[in-house]
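The structure appears below as structure tokens.
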Amino acid sequence: MTAPLVPQNTKRVLVTGGAGFIGGALVRKLLSGSDVQIFNLDKCGYASDLTSIGSDPRHELLRVDLVDADATAAAVQQADPDLVMHLAAESHVDRSIDGPGAFIESNVLGTFNLLQAVRAHWEQLPDERKAHFRFHHISTDEVFGSLGATGRFSETTPYDPRSPYSASKAASDHLVMAWHHTYGLPVVLTNCSNNYGPWQFPEKLIPVVILKAIAGEPIPLYGDGANVRDWLYVEDHVDALLLAATKGEIGSSYCVGGHGERSNREVVEAICSLLDQMKPKSKPYAELITRVTDRPGHDHRYAIDPNRITTKLGWQPLHDFSEGLTATVAWYLENLDWCQKVRARAGYDGGRIGTNK
Ligand code: NAD
């Protein structure tokens with residue numbers, strides 16, 4: 001028999017950012033694998049979509065912007081959670097270069113407002129509920145900065161964020177830990193590497209490359225394509241999140257990554273060769289790859305040492321990169337209408353952003 005996703009005494013879960021890519025995958029997993037009541041706090045921004053969740057009596061959307069402290073406090077009161085999983089954030093590095101203000105507001109001020117609201121909620125809980133309450137903050141490996149050719153990030157790596165996005169996430173991580181040390185709030189933190197999979201808003205590398213290739217448009221490769229990311233299939237991240245949220249040690253952080261290091265060039269070429277098999281055209285898709293000016297301050301390499309979460313919590317990724325990428329490319333090919341719909345709604349045409357020009 002498989003272990004339950006959440007302990008029996010966890011009945012009400014507040015997920016922030018559940019209308020986004022990773023939050024949506026988490027909500028779907030909680031709906032299918034547990035009987036908890038889910039409150040999904042999301043401002044429903046440009047990258048949000050609830051199609052993958054559908055309607056379910058155990059899922060309630062609380063359309064709230066975390067920047068609004070009163071609305072956030074009211075939402076936390078309404079949700080009355082046993083567990084908070086905080087994913088809401090502005091998440092695209094390129095957008096943070098063009099408009100850093102929104103990242104400071106949502107990721108820093110938003111996290112502060114949520115922490116204050118959750119702290120007030122937690123402090124008035126009866127002892128039994130208070131004892132098992134948790135606040136799980138979901139963060140990124142980008143807070144650790146950029147690696148050279150060797151080495152990997154771990155929980156003891158010093159913070160060294162270098163983009164407005166990663167700086168805002170680093171600030172939010174520090175706030176969460178401060179609320180633990182100062183007020184005793186029972187927190188757990190995870191820092192994960194790049195995610196990929198179905199339902200990702202088509203502005204990030206993998207869906208952008210798929211859509212450009214299908215449209216027969218130049219496939220942009222930033223700089224020399226040598227930047228390395230440690231790719232993790234979104235469902236494996238969700239498994240790690242649920243383990244950390246329910247079994248992680250209070251006050252600890254866990255680095256999450258699936259030994260999936262690939263250069264951007266390798267990722268783009270792998271997508272092209274999958275498309276050559278799945279949707280062949282007269283010429284190989286790789287002929288569309290076009291080098292473009294690099295992202296300003298582009299971190300060279302990210303890689304995670306997931307030893308703590310694998311040894312202490314028993315987490316293992318179940319998808320290797322080639323299997324996960326094949327499933328992802330197949331999913332996008334079958335869901336081109338969805339891509340068009342969400343891009344049109346967001347007013348995003350797939351063009352280049354984040355050049356600081
Ligand atoms: P996403 O952009 O797809 O979704 C984020 C969601 O948060 C959106 O629905 C958005 O509307 C919501 N949100 C943003 N600001 C908000 C605010 N002020 N109030 C309420 N809701 C708000 O992002 P994602 O890729 O699903 O990432 C989720 C979390 O995981 C983020 O915290 C991100 O930093 C972290 N993370 C992402 C990755 C990745 O590769 N995508 C990797 C590691 C960590």
Practice problem: Name the helices (runs of 4 or more DSSP H) wholly inside the range 1-116 in which the number of residues that are more than 10 Å from the ligand (Cβ to nearest atom) and of a type in the set (Lys, Arg) is 1 or more. | Solution: 21-33
Quiz item: Given the residues TYR222, TYR183, which is the only one that is of a type in the set (Phe, Trp, Tyr) and modelled with pLDDT under 95?
Solution: TYR222
Self-check item: Pairs with Cβ under 7 Å, 6+ apart, first in the range 103-126 and among the aromatic types (Phe, Trp, Tyr), second open to solvent by 10 Å² or more (accessible area, probe 1.4 Å) and more than 9 Å from the ligand (Cβ to nearest atom)
Solution: PHE103/PRO164; PHE112/LEU175; TRP122/LYS130
Self-check item: Residue identified as assigned to a helix (DSSP H, G or I), touching a residue at least 12 places away in the same chain (Cβ under 8 Å) and not hydroxyl-bearing (Ser, Thr, Tyr) among ARG229, ARG265, ARG291
Solution: ARG265
Quiz prompt | Which numbered condition LEU61 misses (of (1) more than 19 Å from ALA346 (Cβ to Cβ); (2) out of contact with any His (no Cβ under 9 Å at 6 or more places or on another chain); (3) touching a residue at least 40 places away in the same chain (Cβ under 8 Å)) | solution = (1)
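Look through the range 236-261, keep the residues that are assigned to a helix (DSSP H, G or I) and of a type in the set (A, V, I, L, M, F, W, C), and return whichever of them is most open to solvent (accessible area, probe 1.4 Å). Before the answer, list the steps.
Taking the range 236-261 as the starting set, the residues that turn out to be assigned to a helix (DSSP H, G or I) are 236-247.
Going one step further and asking which of them are of a type in the set (A, V, I, L, M, F, W, C), we end up with 238, 240-245.
On the way: VAL238: 3, ALA240: 0, LEU241: 0, LEU242: 6, LEU243: 37, ALA244: 0, ALA245: 2 Å².
Result: LEU243.
Considering the range 296-318 alone, what residues qualify as being open to solvent by less than 40 Å² (accessible area, probe 1.4 Å) and assigned to a loop (DSSP other than H, G, I, E, B)?
Within the range 296-318, HIS298, ASP299, TYR302, ALA303, PRO306, TRP315, PRO317 qualify.
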Quiz item: Which of the residues belonging to the range 177-197 are open to solvent by 20 Å² or more (accessible area, probe 1.4 Å) and within 17 Å of the chain's Cα centre (by Cα)?
Solution: ASN194
Quiz item: Just wondering, is there one or more residues in the range 223-238 that are hydroxyl-bearing (Ser, Thr, Tyr) and within 26 Å of GLY45 (Cα to Cα)?
Solution: yes
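The values are calculated or read from the model by the stated rules, or taken from the named source; none is laboratory data. All figures in this text were calculated on a predicted structure; none of them were measured in a lab. No Cβ is skipped: glycine too gets one built from the backbone with ideal geometry, and neighbour counts run over all protein chains shown. Note: accessible area is taken over every heavy atom of the protein model, side chains too, but ligands, DNA and RNA are not part of it. Shrake-Rupley method; radii C 1.70, N 1.55, O 1.52, S 1.80 Å.
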